[in-house]
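First the structure, in the form of C-alpha cells, and then the observations on it.
Read-outs throughout are calculated quantities, based only on the coordinates presented, and are distinct from any laboratory measurement. It should be emphasised that the depicted structure is a prediction, and the values quoted were computed from it without experimental measurement. Don't worry about glycine lacking a Cβ; one is built from the backbone with ideal geometry, like all the others, and counts go over all protein chains shown.
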Amino acid sequence: GGPNSLEELPGYLSDIRAGRPTTPAVLEEISHNYSRIGGSSPLLEITRQQIAAVSEKLEAAAPGVFRTYLGMRHWAPWIEEVIGQMLDDGITHAVSLVLAPHFSKLSVAKYQGKIADGLEMYHGQMDFRNISSYHDAPKFIQALANRVEQGINSWPEDERDDVHVIFSAHSLPVRIIKMGDP
C-alpha cells in the first residue's frame, strides 16, 4: 500500500521506516516523486482490481463459497484491522497470498507476521495457510511470458527483432542477504 495523498506521506514514511525519522530533504524528494504520479500511490487501486479479478474467478468456480479481503502492511487497509474484520465475519479458515511471487524474510514473512499480530490484537484464532512463494508456478510464468509477448507485439513487426526486454525486481540490501534471507 501507499499514501492516498501527499498529506499522508509523512505517516506512511514513518511506518515504512519503522519510526525512524525522515529527513526534510528525503521527504521533499519523495513528495516530488509522488506529485509526478498524481500525489498518491496507485498500488491500492491496482491491488483492488487484482482482488476483484480473483474474486470473480473464485465465484465462478464455487458460487458463494469464498470471500476475499485486502490488507496492506504499511498503510490502510491495515492487515491487522482486516484480520479483525475477518474474525467479526466469522472466518475460521483462510489462505494468505502476498503479491510478491518470491519468498523473503524481509517481505513475505513480514506480511505473514502482520497476520499473527492481527490475531493477537483481536484475541482471535484462524487457521491460515500461507502461500509463501509462487515464482516458479508454471501458469504464473506463462502469464509473465504472455505479457512480455504482448509488449513485443506492440512494436511494428519489422522492428520486433530489435526489441530488448528489461527485467527488474525488488532487491534486498546486501546486509539482509548476509543474514540468510534468500
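Listed values, structure above:
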quantity	calculated
Isotropically averaged projected area of the range 107-182, using the convex hull of Cα atoms (one quarter of hull area), nm²	8.4 nm²
Student exercise, the range 44-172 dipole from Lys, Arg, Asp, Glu Cβ charges, in Debye to nearest 20	440 debye
Angstrom value of the Kirkwood radius, inverse mean 1/r, which spans all Cα pairs in the chain	19.2 Å
Per-peptide average of other Cβ atoms within 10 Å, ordering 5-15, 162-172, 119-129, 144-154 highest first	5-15, 119-129, 144-154, 162-172
Amide H within-cut-off set for Trp78, under 5 Å, with H built and near neighbours excluded	Met72
Among Ile37, Ile51, Ile115: highest mean-square fluctuation, GNM of the chain, C-alpha pairs under 10 Å	Ile37
Counted charge near Asn4, where neighbours are those whose Cβ lies closer than 14 Å (Asp, Glu -1; Lys, Arg +1)	-3
The range 66-120: trypsin sites (Lys or Arg not before Pro) in DSSP loop, at most 15 other beta carbons within 10 Å	Arg67, Lys105
The chain - percent relative contact order, Cα under 8 Å, separation 6 or more	17 percent
Val65, Val26 arranged by Cβ crowding within 10 Å, fewest neighbours leading	Val65, Val26
Sequence-separation-based contact order of the range 46-118, relative, with Cα cut under 8 Å and 6+ spacing, percent	26 percent
